[in-house]
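Read through the structure below, which is laid out as structure tokens, and then see the notes.
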Amino acid sequence: MTKKRMLSYIELSSPVHSLTGAVKLIIFLLWSVLVMVSFKTPILLVLSVLGFLFFKLSKIKFSDVSFIIKMMSVFLVLNLLAIYLFSPEQGVRLYQTRNVIWEGQSRFTLTWEQIFYEFNVFLKYITIIPPALLLMVTTHPSEFAASLNRIGVPYTISYSVALTLRYIPDVQRDFEAIYQSQQARGLELSSKASIIKRLQRTVPLLLPLILSSLARIDVVSRAMELRGFGKNKKRTWYSEKPPGKRDYISVIMAVILFTAGIIYTFHDGNRFFNPFVN
């Protein structure tokens, strides 16, 4: 089985890695709010280009996160199909025009408005995926927890976030070990078996994975309790990194971009970009 990364920290030297975890979280939150609020296509296009540019600056290879991107792509396709199946006239209702491409059967018609609406939904996904991945794979869990605590988040919550980020690679390693052991026992899980059979045979993998995860959680919680975790109101951090000039500049630029995006989104009283109005 080929080893795949699962949202674990990838240590590299890049401008994105040099930012503190708190700064990257602030930028991501501003980015996410703007993407969720705005349906202005020019804004989404600009943000998508910037997102891929930041991904390029991070020096993260596509192969390092290809498994996650493929999974997200599947969910994206399913979401777009579900939008059409459950609401094939959603674009018509939003843009208040109707330009038919194909009449279809019953309520299933195809209009330019629906295509444009789903194109914007597609843009929202590809705009939010790069910064979300960068937040996960360019931030060391301990440094991220220290940064969160520095901006006012209780250290118990910050430490829980760090444990969660550290736990993802552990779950992946457990899954790979269980996967290989089951194949060694003769359970065919490779591409030689059909998709349906592979899905059915994943059940024997889930039970030991869940049990091993619960056991690890119990060990960690007992160890933290024995060490008096949470007794004091404050704590020091070995991986704490104070914000630098680049961090402040990045936050200022993110705030400017967010403010400009919100103003452009609502300047005409409508957060939807409508190319069908003459």
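Dividing the alpha-carbon radius of gyration of region 70-135 by 2.2 N^0.38 Å (N being the number of residues), what value is obtained?
It is 1.27.
Taking square-rooted eigenvalues a ≥ b ≥ c of the alpha carbon gyration tensor, is region 37-194 rounded, prolate or oblate, where a/c under 1.5 means rounded and, failing that, a/b exceeding b/c means prolate?
The shape class here is oblate.
Express the relative contact order of the chain as a whole percentage, based on alpha carbon pairs under 8 Å and six or more residues apart in sequence.
Normalised by residue count, the contact order of the chain is 32 percent.
Suppose every K and R has +1 on its Cβ and every D and E has -1 on its Cβ; what is the size of the dipole of the chain about the Cα centre, in Debye to the nearest 20?
I would put it at about 740 debye.
Is the chain rounded, prolate or oblate when judged by the Cα gyration tensor, a ≥ b ≥ c being the square roots of its eigenvalues, rounded requiring a/c under 1.5 and prolate requiring a/b larger than b/c?
Here the chain falls in the oblate category.
How many Å² of accessible area per residue for the chain, probe 1.4 Å?
61
How many percent of Cα pairs in region 10-98 exceed 23 Å?
42
What is the percent carbon and sulfur in the accessible area of the chain, measuring with a 1.4 Å probe over the protein chains and ignoring ligands?
Reported share for carbon and sulfur atoms: 67 percent.
What three numbers, in Å, describe the spread of the alpha carbons of region 205-266 along their principal axes, ordered from the longest?
50, 36, 20
State which entries of LYS24/LYS59; LYS40/LYS124; LYS56/LYS241; LYS24/LYS233; LYS70/LYS124; LYS24/LYS56 exceed 19 angstrom in Cα-Cα distance in the structure shown.
Over 19 Å Cα-Cα: LYS56/LYS241; LYS24/LYS233.
The values are calculated or read from the model by the stated rules, or taken from the named source; none is laboratory data. Since we're looking at a predicted model, the values are computed, not measured. Because the Cβ atoms are built from the backbone with ideal geometry, glycine has one as well, and the counts that use them run over all protein chains shown. With ligands, DNA and RNA removed, areas are computed over all heavy atoms of the protein, side chains included. Shrake-Rupley method; radii C 1.70, N 1.55, O 1.52, S 1.80 Å.
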